[in-house]
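Okay, structure first, notes after.
The values are calculated or read from the model by the stated rules, or taken from the named source; none is laboratory data. Note that the structure is predicted; figures quoted are calculated from it, not measured. Every residue, glycine as well, gets a Cβ built from its backbone with ideal geometry; the counts of neighbours run over all protein chains shown. Areas reflect the complete protein model, heavy atoms only, side chains present, ligands, DNA and RNA absent. Shrake-Rupley method; radii C 1.70, N 1.55, O 1.52, S 1.80 Å.
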Amino acid sequence: MPRYNPSEIEPRWQAYWEENKTFATPALPSGKKRYVLDMFPYPSGDGLHVGHPEGYTATDIVSRFARLRGECVLHPMGFDAFGLPAEEHAIKTGEHPRIQTQSNIDNFTRQLKMLGFSYDWDRMVSTTDEDYFRWTQWIFLVLYDTWFDSEAQRGRAIAELPIPSEIASAGEAAIEQYRDANRLAYQDDALVNWCPALGTVLANEEVQDGKSERGGHPVKRIPLRQWMLRITSYSERLLEGLDDLNWPVGIKKLQQDWIGRSTGAEVDFYIGESAGIDRWKATRVESGFPQEAGEDALRVYTTRPDTLFGATYMVVSPEHPMIERLVTSEQGEAVREYCEQASFKSDRERTEGDRAKTGVFTGSYAVNPVNRKLIPVWVADYVLAGYGTGAIMAVPAHDDRDFEFAKQYALEVVPVVDPPADHPQRGEILAGDVCFVAQGTAINSGEFDGKQTDEVKASVTSSLAEQGQGNHAVNYKLRDWLFSRQRFWGEPFPILHEVDDAGELTGRKRAVAVEDLPVQLPELEDFKPHGRPEPPLAKADDDWLYVTIDEKRYRRETNTMPQWAGSCWYYLRYIDPKNSDAMIDPAKEKAWMPVDLYVGGAEHAVLHLLYSRFWHKVLFDRGHVSTPEPFNALINQGMILGEVEFTGYVTEDNSAVSAADVRRDAEGNLSSKTGQTVTAVVLSDDAVEKKGEGFVLQSDPQIRVDSRAHKMSKSRGNVVNPDEVVREYGADALRLYEMFMGPLEATKPWAMTGVGGVRNFLDRVWRMIVDAKSDEFKLNASLTDQPCDEDQNRMLHRTIKKVTEDTDSMSFNTAIARMMEFTNFFTRSESRPISAMKPFLILLSPYAPHLCEELWSHLGESDSIAAQTWPSWDEAALVESSIEVPIQINGKVKTKIRVAADASKETIAETALADDKVKTMLDGKTIVKQIVVPGRLVNLVVK
RNA sequence: GCUGAGGUAGGCCAACGGUGAGCCGCUUGUCUUAGGAACAAGUGCUUGCGGGUUCGACUCCCGCCCUCAGUACCA
């Protein structure tokens, strides 16, 4: 017993917390609330990896710290349990995915409890629970019932959508169609990855280089009717909302870039009969810039309307709807073939960086609106259908991509922006031999010559607007969210499709009534794909698939929602997890929201966080939540890498090659400078030594080796299993180590010896209070009821101050370092006042809760340490009566003197100059200047 | 290419413009209930490089190099 034994202590206290519901959170907060949230995990079959406890320990420390300071903390955990792996398992074994999901959740729960996190487990949610996804479906119906009023910039009920008179007069079906076209959840044809060999549709992450990840079968992109969410409507709101959030700048930047707002102009280029151009222009002057470009014009979007005079050709994307109209009979075959080719390529392939540009001339010409020049229209896949208008005006002189394309196909380059006079390549730019994308002075631009880029942009845009040929425009990179998946293990859509007597879809839809939610997943015989691109739910029995309401027959929607759906709103459900009447009780929502601290990996920087914000804003607009943003502060924990490895390289005949001479080709194959194949070998620590910047072989210092920590991965075999660490060192040691490795946000390599280091610290804490030598349990004889002496008191109060401030700012590594100093100090001390030990244990308890509970009870306390009050420090106790002050000579520290803490400038200077060492060093020199900072230092500038 | 983070001792990392904190490692002792020991003493950097500001720079400014992560034809 007397030795520190975490494997005995930790389960005992975990049971205590569970029995006593130590961390149960009240329904409504009393006093100051704090909502501390972890990104909930996907419960994979591999269990926790050491990256999970990093963020979870951080939030646990924050939560325990806040409770000790009297705040009311909501700190929940749950599982994002829909997803592909469970479905893959089901397909292979025939076992329902629910079964494996449940056993994975059980394992995760066991591991999380083993680490002593102070979650309120009664609030646990899983996205796969019917009680949960019932409300995921409900939120979908809110989206379905909402349209975006762009005037008011907010979502409103579909019933409030103004119906234009021409549609109203066309009848009920037209009105319904119009509504459907405006809902935030709508259907559209989108491309899916269909793999004929596997007979299934694949998720993007299951496709690599146009082939299925499993089996390497070719994947075709085919259009399929999909559910989309109109997130683009919220672009501006999502962008603005970022301003007030306490998020890392990097993450904000990522979201901004993802939304990708740009401003410029839309411009129509005339493509009709050449004789008709004047009439067309006149019409435009009269009508203004129309909503649609019409038959006779090709509309483009540009951020550089100032370069319009340099537009020497145009490009449309291979999917552009006007291709048929543009293509001439001579070019017909070439264009069709090109477009066909493009349709096989994924977006990925089409946008891969160093690929040479390709394209085909359509045979048609357009008229440049500013100079009436005829310019050719091409089709090329470097123009994307989904952005802007899917067509561009190409200005090769001032756009890198257009320049490359123009050189490839010998198209004209006309410079219209003169770079600053001191530009090193000005000559080549003006000759059209080099591309220049920055701002400058307009040339070759008629009336605009001599003006600066910004001014020309504005003037060209307004002049086009006057003539009805252009308009100021804003564009976003953000696309609408493809929201349906052809999968079994996901939330079914609460939507019914009307079928006629012949069993054909009529195109009319109906939302499942709220009281009929949840729509459950059907029972299937097996989970194997049925070989058609429809979702697996289409295999369900007619009992599930067909519904009759008011004598009309409906077929259920058979797509399921993507995994993002459940994770979009789980933070709300934790607040009211058992509510069967509503998604959340408004009073509770108001009391707990927003999330005060959200911690998780940076891999969710864009998608999860953007999707959640979008849903939250819709719920906000519709009055279901009270805050405009869900997550106030966000922190991304850094990645934990494997142990540092030394890697040497050898050729086939086993001779060593210096790491500096090893080349890696595109496939990752290694070769030496001379072209020989080399292989990497792992070296042990004692085979290498430090030399200069890097490491070399001890046996041959000419041979350099790589020293680097790699990502943990099964294939590399460097994965650290938390179960083993807990068994070997204890949960407190694991928690403490992960916090001590370095700053939370940093990427850090794992080092098992470091875990031993913090374990030694915990051992020292134990021995500071417990007599480890005795056979029975006995407190350490050095403990005393005497008060602290001055030094001890100062150590205590300085530790309280440092740990309080560092914990508050989440600088856990330095807080721990300070607690180590405290322990070293008192371990050396023969007398250890209990009045110092107790507050120290409270300081340490958020970090190492089990050990602290145990020692706390040994000190005679009967209630949990979690119920105590965080100690405060006394400023007066911090100051020393006398302090050491360094003496610098010419800025270099030469010696130190001891003076009273409040010594005046003069006294310090006198003492310094009187010091023997200083005297000798000043011998024969004159003091040019003396700087005395009271309480800090003395600097003597001498000659 | 772009964006972000970073470069301090053999490793991990602290340091309001003012003394290198802490942990691991290493060396040598001591002690022992032989442990993941403990204790004691010791060990170490041109703070990535080059300039500048300053009495004084890891810290502020300018230029460069390197590493890691993410991202990439969005007109």
Could you tell me whether any residue of the stretch A:766-774 is surrounded by 18 or more Cβ atoms within 10 Å (Cβ to Cβ), in contact (Cβ under 8 Å) with a residue 40 or more places away in the chain and either over 30 Å from A:Ile834 (Cβ atoms) or among the acidic types (Asp, Glu) (or both)? no
Of the residues that sit in the stretch A:715-750 and are small (Gly, Ala, Ser) and near RNA strand B (Cβ under 6 Å from one of its atoms), which one is surrounded by the fewest Cβ atoms within 10 Å (Cβ to Cβ)? A:Ala746
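I'd like the residue in the stretch A:384-393 that is under 28 Å from the mean Cα position of the chain (by Cα) and near RNA strand B (Cβ under 6 Å from one of its atoms) and, out of all such residues, is least open to solvent (accessible area, probe 1.4 Å).
A:Gly388
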Those residues of the stretch A:234-272 which are farther than 30 Å from A:Pro290 by Cβ, open to solvent by 20 Å² or more (accessible area, probe 1.4 Å) and within 14 Å of RNA strand B (Cβ to nearest atom), in sequence order: A:Pro248, A:Val249, A:Gly250, A:Lys252, A:Lys253, A:Leu254, A:Gln256, A:Asp257, A:Trp258
Verdict on A:Ser809 being within 25 Å of A:Tyr56 (Cα to Cα) and among the small types (Gly, Ala, Ser): yes
Single condition A:Phe822 does not satisfy, out of (1) within 16 Å of RNA strand B (Cβ to nearest atom); (2) open to solvent by less than 10 Å² (accessible area, probe 1.4 Å); (3) in contact (Cβ under 8 Å) with a residue 40 or more places away in the chain: (3)
Examine the stretch A:755-776 for a residue that is modelled with pLDDT of 90 or more and assigned to a loop (DSSP other than H, G, I, E, B), and state whether such a residue exists. no
Tell me the helices (runs of 4 or more DSSP H) entirely within the stretch A:858-927 that contain at least 1 residues that are closer than 21 Å to A:Val942 by Cβ and of a type in the set (Ser, Thr, Tyr). A:905-914, A:916-922
Could you tell me whether A:Arg716 is within 40 Å of the chain's Cα centre (by Cα), outside any strand (DSSP E or B), touching a residue at least 24 places away in the same chain (Cβ under 8 Å) and outside the structural domain of A:Glu853 (by TED's automatic domain parsing)? yes
Of those in the stretch A:360-383 that are more than 33 Å from the chain's Cα centre (by Cα) and either in a loop (DSSP other than H, G, I, E, B) or modelled with pLDDT under 90 (or both), the residue farthest from RNA strand B (Cβ to nearest atom) is A:Arg372
Would you be able to say whether some residue in the stretch A:384-392 is over 15 Å from A:Thr303 (Cα atoms) and among the aromatic types (Phe, Trp, Tyr)? no
Within the stretch A:832-855, does at least one residue satisfy the condition of being within 25 Å of A:Ala781 (Cβ to Cβ), charged (D, E, K, R), within 15 Å of RNA strand B (Cβ to nearest atom) and open to solvent by 10 Å² or more (accessible area, probe 1.4 Å)? yes
When A:Pro2 is run through (1) within 16 Å of RNA strand B (Cβ to nearest atom); (2) surrounded by fewer than 15 Cβ atoms within 10 Å (Cβ to Cβ), the failure sits at (2)
For the condition under 25 Å from the mean Cα position of the chain (by Cα), of a type outside the set (A, V, I, L, M) and surrounded by fewer than 23 Cβ atoms within 10 Å (Cβ to Cβ), what is the one hit in A:Gly78, A:Gly51, A:Gly70? A:Gly51
Is there a residue in the stretch A:546-555 that is open to solvent by 40 Å² or more (accessible area, probe 1.4 Å) and under 29 Å from A:Arg221 (Cβ atoms)? yes
Selection from the stretch A:763-811 of residues within 13 Å of RNA strand B (Cβ to nearest atom), in contact with an Asp or Glu (Cβ under 6 Å, 6 or more places away or on another chain) and within 25 Å of A:Arg64 (Cα to Cα) yields none
Residue ID - farthest from A:Leu48 (Cα to Cα), chosen from residues in the stretch A:695-714 that are open to solvent by less than 40 Å² (accessible area, probe 1.4 Å) and within 9 Å of RNA strand B (Cβ to nearest atom): A:Ala709
Could you please find all residues in the stretch A:880-926 being of a type in the set (S, T, N, Q), surrounded by 13 or more Cβ atoms within 10 Å (Cβ to Cβ) and within 11 Å of RNA strand B (Cβ to nearest atom)? A:Gln888, A:Thr895
Restricting attention to the stretch A:61-114, report how many residues are touching a Gly at 6+ places or on another chain (Cβ under 8 Å) and over 30 Å from A:Lys528 (Cα atoms). 4
Only residues that are open to solvent by 50 Å² or more (accessible area, probe 1.4 Å) and within 13 Å of A:Ile883 (Cβ to Cβ): list them for the stretch A:927-943, please. A:Val933, A:Pro934, A:Arg936
Note on the stretch A:526-545: residues open to solvent by 30 Å² or more (accessible area, probe 1.4 Å), under 37 Å from the mean Cα position of the chain (by Cα) and of a type outside the set (D, E, K, R) are A:Pro529, A:His530, A:Gly531, A:Pro533
Would you be able to say whether some residue in the stretch A:295-318 is surrounded by fewer than 17 Cβ atoms within 10 Å (Cβ to Cβ) and modelled with pLDDT under 90? yes
When A:Thr753 is evaluated against the numbered criteria (1) within 7 Å of RNA strand B (Cβ to nearest atom); (2) in contact with a Ser or Thr (Cβ under 8 Å, 6 or more places away or on another chain); (3) open to solvent by 30 Å² or more (accessible area, probe 1.4 Å), which criterion, by number, is the only one it fails? (2)
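Answer yes or no: is there a residue in the stretch A:568-587 that is farther than 24 Å from A:Val519 by Cα and in contact (Cβ under 8 Å) with a residue 12 or more places away in the chain.
yes
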Identity of the residue in the stretch A:567-583, over 15 Å from A:Leu37 (Cβ atoms) and not charged (D, E, K, R), that ends up surrounded by the fewest Cβ atoms within 10 Å (Cβ to Cβ): A:Ser580
Name the residue that is farthest from A:Val377 (Cα to Cα), counting only residues in the stretch A:295-321 that are within 11 Å of RNA strand B (Cβ to nearest atom) and polar (S, T, N, Q). A:Thr303
Top-ranked residue of the stretch A:23-41 - restricted to ones that are of a type outside the set (D, E, K, R) and surrounded by 19 or more Cβ atoms within 10 Å (Cβ to Cβ), ranked as nearest to A:Ala867 (Cα to Cα): A:Phe23
Look at A:Ile865 and say whether it is buried (at least 19 other Cβ atoms within 10 Å of the Cβ) and in contact (Cβ under 8 Å) with a residue 60 or more places away in the chain. no
